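Only one structure is covered here, and it is reproduced in the block below.
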Amino acid sequence: MTASLTLRPTLYEELLPGGGHTSFVLKRGQLLRLSDLEGGANVSLLLLNAAEKSERLNLPDSLKCQHTAKLTAGHCLYSDMGRVLAAITADTCGWHDSFGGVLNAAEVQEKYGQGRYQELRNGFFRNGVDNLLVEMGKWNLNLQDLLMCLNLFSKVTADRDGRLHFQAGNSKAGDYIELYAPMDTLVVLSALQHPMDPNPEYAPKPVQLSWSRVDSDGISVLCRSSRPENARGFHNTERLYI
Amino acid sequence: MNLTHSDKHPEAAVYRATIAAGEPFLCEVKAGQTLRLLDLEGNQAVDTLFYSAKNPRERYDPQRTLRKQNSIYLTTGTVLYSNLGNPLLSIVADTCGRHDTLGGACAQESNTVRYALDKRYMHSCRDNFLRASLHDGRLNKADIGANINFFMNVPVTPEGGLTFEDGISAPGKYVELKAHMDVIVLISNCPQLNNPCNGYNPTPAEVLVWD
């Protein structure tokens, strides 16, 4: 668990409501903080190189090069090209999930029942596949680009036999994670319950998004120095800008 | 681990091919056919991807597969699901007992991160996937998602650790899958020399198909 100690002027803030989806380019040198306002939030995250969108978040590469199945402060989120799309520079909840993925429309209906726009208007039951797909479509991306996603604020453990367990209460009200972009990174977000959250009610939680600019690259020291692999990952990333 | 054997005879197979160490491979398996991947000499990671032959945009989905079986390892009884939520194949026999789907495929770029910048020019699975895909014409880079590493041992601890361990496979170990739809099978017989996934000695693997 690593809190952020530095006060930085905020460039912009926005509320991502429960069920919402959004996407934007996090520019090189910017920091995005995602804050869980009520506790129990879940945000599905995909990342791409904004300038060359065939380069995408690769969770297997990220996990194996850092010898971890959980992602938290000090870890980097790698593209398939060996570059750091984002570095986790602060994190107060300690575990973000790589296993659970997202539900599609049929799976959401099976879990929560029918929740159509016709009856519920903007409270209709969204699903992670369509949320991410629609947002990616705005950048001319498609189904092929819907890769393994990271579920922020959620924790799923594997026991000694490999059985998976959703750990409720991983994120509390006020918990946050900060993502630092050492390159221009397209960020795609969907705020829906984790697929393995046992709550039978459709009740997605809101998340506050906050952008700031980092004056020096010193913020990435924790991630650069946490493993020798990450020093090489940052080296690969900086080669984009020589 | 629960090991399950098959009663199928290699002489009755309708198709057999040996993939030399470090080579790419692509073939089709029809709905109802059974595919066996055989680790001929032991400790050989066989990096594999599956696609619907009718719609190659439909591909193997590791997160849905893990979620639906509520388990991190693949073995007999595992149903491999697609990104559209359909079953692609089921594992029907397995004499190895555990296969990985979190470790992904090695690549020139990830080798620079994992080992050293000058490891960039070693052969890799991602290069094999691209070579086979682009020659076939139905697949390209965008289709290459996270794969299965048959015969590879990547234990995940309850504390969230993940390591590449020495293989638990051995000469003659195999895994068998029954296809629920016509599938494209894309394989890289892993050439990685920098970690124990191939016992530091990549070796051939065999593919067999039965009607």
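None of the figures in this text is laboratory data; all of them are computed from the coordinates on show. Just so it is clear, the model here is predicted, and its values are computed rather than measured. We place every Cβ from the backbone using ideal geometry, glycine too, and count neighbours over all the protein chains shown.
Restricting A:ASP130, A:ASP159, A:ASP175 to those that are in contact with a Cys (Cβ under 8 Å, 6 or more places away or on another chain) and farther than 30 Å from A:ARG239 by Cα reduces the list to A:ASP175. Scanning the range B:122-147 for residues that are hydrophobic (A, V, I, L, M, F, W, C), over 16 Å from A:SER54 (Cβ atoms) and in contact with an Asp or Glu (Cβ under 7 Å, 6 or more places away or on another chain) yields a single hit, B:CYS125. Of the set (1) without any contact (Cβ under 8 Å) to a residue 40 or more places away in the chain; (2) within 14 Å of the chain's Cα centre (by Cα), all apply to B:ALA142 but (2). Among the conditions (1) part of a helix (DSSP H, G or I); (2) closer than 22 Å to A:SER212 by Cα, A:LEU15 misses just one, which is (1). Taken over the range A:157-189, the criterion of being within 9 Å of chain B (Cβ to nearest Cβ) and crowded, with 22+ Cβ neighbours inside 10 Å is satisfied by A:ALA158 alone.
Taking the criterion of being part of a loop (DSSP other than H, G, I, E, B), hydrophobic (A, V, I, L, M, F, W, C) and over 23 Å from B:CYS106 (Cβ atoms), the residues of the range A:66-117 that qualify are A:ALA73, A:CYS93, A:TRP95, A:VAL102, A:LEU103.
Identify the residue in the range A:39-74 that is hydrophobic (A, V, I, L, M, F, W, C), within 10 Å of another protein chain (Cβ to nearest Cβ) and over 13 Å from the mean Cα position of the chain (by Cα) and, among all such residues, is nearest to A:SER98 (Cα to Cα). Applying the filter and picking the extreme gives A:ALA69. Across the range B:96-125, the number of residues qualifying as out of contact with any Lys or Arg (no Cβ under 9 Å at 6 or more places or on another chain) and either assigned to a helix (DSSP H, G or I) or among the polar types (S, T, N, Q) (or both) comes to 5. The set of residues from the range B:7-56 being within 19 Å of the chain's Cα centre (by Cα), surrounded by 16 or more Cβ atoms within 10 Å (Cβ to Cβ) and not in a strand (DSSP E or B) comprises B:ALA21, B:GLY22, B:GLU23, B:GLN33, B:LEU40, B:GLU41, B:GLY42, B:ASN43, B:GLN44, B:ALA45, B:ALA53, B:PRO56.
Could you go through the range B:59-80 and let me know if any residue there is over 17 Å from the mean Cα position of the chain (by Cα), crowded, with 16+ Cβ neighbours inside 10 Å and in contact (Cβ under 8 Å) with a residue 40 or more places away in the chain. Walk me through it before giving the result.
Residues of the range B:59-80 over 17 Å from the mean Cα position of the chain (by Cα): B:67-71.
The next check asks that each one be crowded, with 16+ Cβ neighbours inside 10 Å; those that pass are B:67-69, B:71.
Then keep just the ones that are in contact (Cβ under 8 Å) with a residue 40 or more places away in the chain; that gives none.
No, every residue in the range B:59-80 fails to be over 17 Å from the mean Cα position of the chain (by Cα), crowded, with 16+ Cβ neighbours inside 10 Å and in contact (Cβ under 8 Å) with a residue 40 or more places away in the chain.
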